[in-house]
Amino acid sequence: MEIRQFRVVIRSSNFERAMKFYAGALALPQIESWNREDERGTVFQAGAALLEVLGPPASEDPRDSDERFVGQGPLIKATLVFDVLSAQKAFEEIQFREKNIPGGLQKDDQGRMTFVTHDPDNIRVIFREPGA
């Protein structure tokens, strides 16, 4: 089997906040985007993988969101992990762009520098240095 691409798909209940987080705070390069009658979406380059963020149509009232876009409950077990050369540098860059990103630098169980934050849909996002 030859895998030609790896893509993670996130369904966001608040598409605008998700765009502010992934495009603004994390500064991921945008590959494509669309706005259809049934959903909106954007694909970002995230290292060797792609991150696809989907949201309800712009015309839909967020209070009446389609349950496909409600990221709450026991079935949500996703975590995004970004391996970066320097967790310190990544932390500083993200803090420069978005002061309200919680998290702090620490060492993980393997002694790697890391920090953890969450996206607008409460998906855990980890930035860590490569292991030794």
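The values are calculated or read from the model by the stated rules, or taken from the named source; none is laboratory data. Bear in mind the structure is a predicted one, so any value in this text is a computation, not a measurement. Counting neighbours? That spans all protein chains shown, and the Cβs are built from the backbone with ideal geometry, glycine included.
Structural remarks
- Among residues of the range 16-40, those that are in contact with a helix residue (DSSP H, G or I) (Cβ under 8 Å, 6 or more places away or on another chain) and not in a loop (DSSP other than H, G, I, E, B), counted: 4
Condition check ((1) in contact with a helix residue (DSSP H, G or I) (Cβ under 9 Å, 6 or more places away or on another chain); (2) not in a strand (DSSP E or B)) across all residues:
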residue: L80; (1), (2): no, no
residue: L85; (1), (2): no, yes
residue: Q88; (1), (2): no, yes
residue: F91; (1), (2): no, yes
residue: I94; (1), (2): yes, yes
residue: K99; (1), (2): no, yes
residue: F115; (1), (2): yes, no
residue: N122; (1), (2): no, yes
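- Hits in the range 38-89 (condition: at pLDDT 90 or above, over 18 Å from M19 (Cβ atoms) and of a type in the set (S, T, N, Q)): S86, Q88
- Residue that is farthest from E98 (Cα to Cα) [pool: residues in the range 7-42 that are buried (at least 19 other Cβ atoms within 10 Å of the Cβ) and free of Cβ contacts under 8 Å to residues at least 40 places away in the same chain]: R40
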